[in-house]
Amino acid sequence: MGEGSVDYLANVQAIQNLMGVFSDFYDAVLPVVPHLTHASPYTPIILTLILVSLLAILPLLLLLPPRPTFLFLGLFPLLCTHPFTLHTIPNILSGAQPIFNAVRTRLARLIDDDRLEDQHWRATLRDVELFENERSNLTFALEPGWVFVETEDWRPDMEGSWVTPGVADKNGWVYTNDAWLDPHSIPLEEWRTTGMTRRRRWTRRIYYDQNTDAEKSV
């Protein structure tokens, strides 16, 4: 098998594919490794959950047919690494990104609502906004009587609702041309030469506190 032959190039390509799979596997496992050592305080909790889950699954193993189960386990890695799957799944995920952003936004709002105190529920709530290059609670003064909700912080607008819902990427960024027009969730290729901008909106809730307003009046 001489250098430059078809078989030689096929072997080189196979080695490169294997190196790519190893790199992807390494990147996927690396964030989990600290939780498997005593360097993380969550190690005992994760170990306990794993043991309890294994004990709960043991009775279900008797209900699984062995041959189809092993067939599925053997074919599953091949299906995951098939070129069709590698090409299709990113397209599906990118198309479903607006749904993921909406779900994350709703969950964050539910968590924030759960932390609200009684004086927040009894008061009028509003949203204030800032953009990435001016994110600070010192960039403007609230109107008399209005106070930031103490249990919350600035939240990025993950849906890009300030432009068009669904055009933000997974981190809430909205890409436009250099005139802040034609919003997209990813930068267009022609913008590499003409220029582009990337903006993200941050919001935070405020409420009307009559006591604060009365103190300022005095």
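For segment 57-96, the residues whose amide N sits under 20 Å from a probe point set 7 Å from the Cα of GLU189 along the beta carbon direction are 87-88, 90-92, 94-95.
When only the Cβ of Lys, Arg, Asp and Glu is charged (+1, +1, -1, -1), the dipole of segment 97-217 relative to its Cα centre reaches about 300 debye. For the chain, the relative contact order works out to 19 percent when only alpha carbon pairs closer than 8 Å and six or more residues apart are counted. The angle separating the long axis of helix 6-29 from the principal Cα axis of greatest extent in the chain is about 40 degrees.
Taking a quarter of the surface of the Cα convex hull of the chain, what do you get in nm²?
Values: hull surface 91.0 nm².
Reported value for the Cα convex hull: 22.7 nm².
Between LEU142 and ARG106, how high is the FRET efficiency from 1/(1 + (r/R0)^6) when r is the Cβ-Cβ distance and R₀ = 25 Å? Nearest 0.05. Intermediate values should be presented prior to the final figure.
Values: r = 26 Å, r/R0 = 1.05.
For LEU142 and ARG106, the calculated efficiency is 0.45.
When shorter helices are ignored and each DSSP H run of at least 4 residues is given -39500 (n - 2.57), the per-residue value for the chain at 222 nm works out to -15500 deg cm²/dmol.
Of the Cα atoms belonging to segment 97-217, the radius of gyration and Dmax stand at 17.2, 56 Å. A crude spin-label estimate for the pair THR203 and PHE72, with each label 7 Å from Cα along the Cβ direction, gives 4.1 nm.
Which number do you get for Rg(Cα) / (2.2 N^0.38 Å) in segment 26-104?
Values: Rg = 17.8 Å, N = 79, 2.2 N^0.38 = 11.6 Å.
My calculation over the Cα atoms of segment 26-104 gives 1.54.
Taking the Cα centre of the chain as origin and charging only Cβ (+1 Lys, Arg; -1 Asp, Glu), how large is the dipole, in debye to the nearest 20?
Values: 18 positive and 27 negative charges, 108 e Å.
Around 520 debye, computed over the chain.
Near VAL163, once Lys and Arg are set to +1 and Asp and Glu to -1 for all other residues with Cβ below 15 Å from its Cβ, the sum equals -2. Applying a DSSP loop filter and a limit of 16 other Cβ atoms within 10 Å to the GluC sites (Glu not before Pro) in segment 70-161 leaves GLU117, GLU150.
Ordering TRP146, THR124, GLY195 by the projection of their Cα atoms onto the charge dipole of segment 97-217, which places +1 on the Cβ of Lys and Arg and -1 on the Cβ of Asp and Glu, puts GLY195 at the extreme positive end.
Among the chymotrypsin sites (Phe, Trp or Tyr not before Pro) found in segment 3-80, those both in a DSSP coil and sparsely packed, with 13 or fewer other Cβ atoms within 10 Å of their Cβ, are TYR42. For the chain, modelled as a GNM whose springs connect Cα atoms under 10 angstrom apart, the maximal fluctuation among LEU78, LEU47, LEU188 occurs at LEU47.
Set the Förster radius R0 to 35 Å, insert the Cβ-Cβ distance between ASP178 and ASP27 as r into 1/(1 + (r/R0)^6), and round the FRET efficiency to 0.05. Walk me through the numbers on the way to the answer.
Details: r = 34 Å, r/R0 = 0.97.
Approximately 0.55, to the nearest 0.05.
Mean-square fluctuations from a GNM of the chain, with a 10 angstrom spring cutoff on Cα atoms, peak among ASP118, ASP27, ASP178 at ASP27.
Throughout, read-outs are computed from the coordinates displayed, never taken from laboratory work. On a predicted model such as this, the values are computed, not experimentally measured, just so you know. Heads up, the Cβs are rebuilt from the backbone with ideal geometry, glycines too, and the neighbour counts pull from every protein chain shown.
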